[in-house]
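Engineer: Here it is: the structure, laid out below.
The values are calculated or read from the model by the stated rules, or taken from the named source; none is laboratory data. As the structure is a prediction and not an experimental result, all values here were calculated from the model. Because the Cβ atoms are built from the backbone with ideal geometry, glycine has one as well, and the counts that use them run over all protein chains shown.
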Amino acid sequence: MNELITINYETSDRPTVMGRQLHEALEVSTPYHKWFPRMCEYGFTENEDYSTTDKNVLRTDGTPMPQIQHDHQLTIPMAKEICMLQRSEKGKQFRQYFIKVEEAWNSPEMVMGRALKIAQKQLDQIKTENLRLTAKIEADKPKIIFADAVSVANTSILIGELAKILKQNGVDIGQNRLFEYLRTNGYLISRKGSDRNMPTQRAMEMGLFEIKETTISHADGHTTINKTPKVTGKGQQYFINKFLKS
């Protein structure tokens, strides 16, 4: 079918034609800005029979500031009726053309083609969403496995070892910074003295730490007890979840 005027197939639900192109093709003498409102008086409804589009164009009087020009996307049924209203040979010619456009649009081949395009678009959206979810699952997997493993751990570890584990799992922190964090946030005693860096009463009641006591025998025969704070399995899970969430 020879194309008399450009048909827009940008939307999958219906073809359209530009109002100004139709106005020019029909060789209407009345200016478009007066002609189109007059056509709308025959009962056409915006957003059902047509939609309005605007663009900036240069003024014909040479003024540098552009002006807004209104145009309209017309459905084929509306375009057919407008052609019939013109009562001219051009109107009759274009009306017959739009009838053929509608027949082609509603043919089984075209209907099937549109259905396949819609199905393909939906499949592409599903594929994209699946890829996003898969990437997120893969990214979260090490954290999930690690947190699950810690949740059943029965072995207490040194705070320095906890810092290394956090570092390996993407938390930018070292032993000294971890000690500082624990003191600042009330998990370890911060005041100077023999109990510095020992767990606070609150941290002990939460079950986050235990104190490992080691007896040291010196050469002169006396013994001393060395106290070392260690992070329990519960404490490891607590701090790992806290750091990974933040």
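Engineer: From (1) basic (Lys, Arg); (2) without any contact (Cβ under 8 Å) to a residue 12 or more places away in the chain; (3) within 26 Å of residue 21 (Cβ to Cβ), pick out the condition that doesn't hold for residue 132.
Structural biologist: So residue 132 meets the others, but not (3).
Engineer: Further question: Determine whether residue 160 is out of contact with any Leu (no Cβ under 7 Å at 6 or more places or on another chain) and either of a type in the set (A, V, I, L, M) or on the phi > 0 side of the Ramachandran plot (or both).
Structural biologist: no
Engineer: Of the residues in the range 187-197, how many are of a type outside the set (D, E, K, R), surrounded by 12 or more Cβ atoms within 10 Å (Cβ to Cβ) and farther than 16 Å from residue 162 by Cα?
Structural biologist: 2
Engineer: Looking only at the range 205-222, decide whether some residue is farther than 17 Å from residue 159 by Cα and at pLDDT 90 or above.
Structural biologist: Taking the range 205-222 and keeping what is farther than 17 Å from residue 159 by Cα, we get 205, 215-222.
Checking the rest, the ones that are also at pLDDT 90 or above come to 205.
Among the residues of the range 205-222, at least one is farther than 17 Å from residue 159 by Cα and at pLDDT 90 or above, which makes the answer yes.
Engineer: Just the residues that are surrounded by 14 or more Cβ atoms within 10 Å (Cβ to Cβ), outside any helix (DSSP H, G or I) and at pLDDT 80 or above, please, taken from the range 108-167.
Structural biologist: Within the range 108-167, 156, 157, 158 meet the criteria.
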